[in-house]
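Enquirer: First the structure, which I've put down as structure tokens, then a few questions once you've had a look.
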Amino acid sequence: LFLIESLDSEMLSVTDLGDFKTVMNGGLRIGTMGYYQADGKNTSVKDAIENSLKPNNLLYPANVADDAARAMVIIQGSKEHLDVDQITKEVEKITASAGHVFKGIVVKKGHPRVLSVFTLARGMQDEKEKRSRARKQLDDAFAHIEDLEEIY
């Protein structure tokens, strides 16, 4: 709901459905989402963004720095919590590893909430390669068994 609400609201920095489609068409077309809501205990918008990227706050745990192909980060909160310079610096850090990043800033009463959406470039590929290697090892093991004579 956060994503839909954000894409359909007035923003300080705008992202829209087209940006979301662009993100989801990147990489392997498989993605993950991260979410974090600051509780008001001196949590800056910078900390909220960083926390939304941590594996325990992601729908599918991944290493965003290594695995992301494209991203969208939507930050929501009161004006006093939204430091645009700090947000821009954090998004630039993500851009350095993830490539193209769309940024949306929604001014709405409350402490910072961050939704991050990523398409994965490598994480799922690594899993497929591991499965493929395991399947090949299993096939090789059965190939040796087939060469043996049956003993009753």
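Enquirer: What does the accessible area of Lys130 come to, in Å² to the nearest 10, when a probe of 1.4 Å is used?
Expert: 110 Å²
Enquirer: Please work out whether the range 43-83 counts as rounded, prolate or oblate from its C-alpha gyration tensor, where a ≥ b ≥ c are the square roots of the eigenvalues and a/c under 1.5 means rounded, while otherwise a/b larger than b/c means prolate and anything else oblate?
Expert: Prolate.
Enquirer: With all distinct Cα pairs included, what does the Kirkwood hydrodynamic radius of the range 18-65 come out to in Å, to one decimal, could you say?
Expert: 12.0 Å
Enquirer: If R₀ is 41 angstrom, what is the calculated FRET efficiency for the pair His100 and Asp140, using the beta carbon separation as r and rounding to 0.05?
Expert: Calculated value: 0.50.
Enquirer: Apply the a/c threshold of 1.5 to the C-alpha gyration tensor of the range 29-117 and tell me whether it is rounded, prolate or oblate.
Expert: It is prolate, given that a/c is not under 1.5 and a/b is the larger ratio.
Enquirer: Enter the accessible area of Glu80 (Å², nearest 10), with the probe set to 1.4 Å and all protein chains included.
Expert: Glu80 exposes around 150 Å² with every protein chain in place.
Enquirer: According to a simple spin-label model (label point 7 Å from Cα along Cα-to-Cβ), what is the distance in nm between Lys41 and Lys93?
Expert: In this crude spin-label approximation the distance works out to 2.1 nm.
The values are calculated or read from the model by the stated rules, or taken from the named source; none is laboratory data. In this text, all values refer to a predicted model and were calculated from it rather than measured experimentally. Glycine also receives a Cβ, built like all others from the backbone with ideal geometry; neighbour counts cover every protein chain displayed. Areas reflect the complete protein model, heavy atoms only, side chains present, ligands, DNA and RNA absent. Shrake-Rupley method; radii C 1.70, N 1.55, O 1.52, S 1.80 Å.
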